[in-house]
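Before any comments, here is the structure.
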Amino acid sequence: MNGVLEKISQIGIVPVVVLDDAKDAKPLAEALIKGGVPCAEVTFRTAAAEESIRIMTSEFPEMLVGAGTVLTTEQVDRAIDAGAKFIVSPGLNPKVVKYCLEKGGPITPGTANPSDVEAAIELGLDVVKFFPAEAAGGLNMIKSLAAPYTQMKFMPTGGISAKNICEYLAFDKIIACGGSWMVNKELVAAGKFDEIQNLTEEAVRTMLGFELRHVGVNCTDEKEADSVASKFDNLFGFSKKVGNSSVFAGIEIEAMKAVGRGTNGHIGIGTNNVVRAKNYLESVKGVKFIDDSAVVKNGKLVAIYMEDEIGGFAVHLVQK
């Protein structure tokens, strides 16, 4: 997968932006970054698109800004000259796709059926847009397309919202979802960028689904660990289960058979996607992680510890 598309996959959400006035580009980009989504697809539906891309990329070089609704090679040139890092089109125009590939930039053309996907494969693509997602059959259609075309990945756009984004992103052939619900045109026109930031933060937290999974208690030995777990079992009915390195009481309490990470123990925070959660906490919240604590299963990151303790507890992300 192209490096830019890999970064988009780590973010998970691509806000689809329609700007009528380039003066809104800077405050909107700032709101998206602060909200946890340093990415935007600025559609070429308005005369302000090119200048908006130029402003966003110059003011915020760390942001992944792309051009959407690109229909011609001339628009490709204008978008790339303005600083666009990726190109998105509503349909699959072989001429436009070939031109982008010659330029060396990633393009995700729109697809909606097997013939579109086969045309994309013939052009050498491994990621396509699926549009209009809900109207074209939604997640079930994407799963049907992914079955025979096993190497293809999708970026659905159209009808995606806070209500269904987690369902889409749970399918491993989907790298990210495009959506406009957090960048409503009326909010942009009214200059309500604080509200856009809040909606973006809400979208990120919905996508990541953070929740407390368990608390690990440091014990000196197996006997103490068994005693701690037994008490929680006896008092609250948290069924005891003995493991190799710990004794669980339900899924909430993990009594360690020896002193582990953290002054007092550790806290496991569940998330829908450890890679995206790690990327968000690093890039937006400034969190550092302990690389050698990473747990990878079947090529997928499923757990990793943060560097700093909180209240005497080590904290790690864990895949739900």
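Just so it is clear, none of the values below were taken in a lab; they were calculated from the coordinates. Since this is a predicted model, take the numbers as computed values, not measurements. Ideal geometry is used to build each Cβ from the backbone, glycine not excepted, and the neighbour counts take in all protein chains shown.
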Legend entry - For the chain, built as a Gaussian network whose Cα springs stay under 10 Å, the top-fluctuating residue of Gln75, Gln151, Gln197: Gln151
Inset, instruction - Provide the packing ranking of 81-88, 141-148, i.e. peptides ordered by the mean count of other C-beta atoms within 10 Å per residue, highest first. - result: 81-88, 141-148
Inset, instruction - Could you tell me which helices of the chain pass both thresholds, a Cα extent of 18 Å or more along their own axis and a mean Kyte-Doolittle hydropathy of at least -1.0, with helices taken as whole DSSP H runs? - result: 193-208, 222-236
Legend entry - Peptides ranked, highest mean first, by Cβ atoms within 10 Å: ranges 25-35, 231-241: 25-35, 231-241
Legend entry - Set of lysines with alpha-carbon distance to Lys300 below 21 Å, sequence-local pairs under 8 removed: Lys7, Lys143, Lys153, Lys173, Lys278, Lys288, Lys320
Inset, instruction - Pull up the cross-link candidates among the aspartates and glutamates for Lys285, meaning alpha carbon to alpha carbon under 16 Å and not fewer than 8 places away within one chain. - result: Glu30, Glu62, Glu201, Glu202, Glu307, Asp308, Glu309
Legend entry - Per-q log10 I(q)/I(0), the chain, q = 0.08 Å⁻¹ (Debye; single scatterer per alpha-carbon; no solvent): -0.44
Inset, instruction - Using label points projected 7 Å from each Cα along Cα→Cβ, tell me how many nm separate Asp221 and Leu101, to one decimal. - result: 6.7 nm
Inset, instruction - Provide the packing ranking of 272-285, 296-309, i.e. peptides ordered by the mean count of other C-beta atoms within 10 Å per residue, highest first. - result: 272-285, 296-309
Legend entry - DSSP-defined antiparallel bridges as percent of all bridges, the chain, nearest 5: 40 percent
Legend entry - Cα centroid separation - the stretch 45-88 against the stretch 209-277, whole Å: 49 Å
Inset, instruction - Could you point to the residue in Ala203, Ile121, Gly286 farthest towards the positive end of the chain's charge dipole, with +1 and -1 charges on the Cβ of Lys/Arg and Asp/Glu respectively? - result: Ile121
Inset, instruction - Please build a GNM for the chain, connecting alpha carbons under 10 Å apart, and tell me which residue among Gly191, Gly104, Gly137 fluctuates the most. - result: Gly104
Legend entry - Exposure proxy ranking, count of Cβ atoms within 10 Å, fewest first, for Val76, Val204: Val204, Val76
Legend entry - Over the chain: helical MRE at 222 nm, DSSP H runs n ≥ 4 each giving -39500 (n - 2.57), nearest 500: -11000 deg cm²/dmol
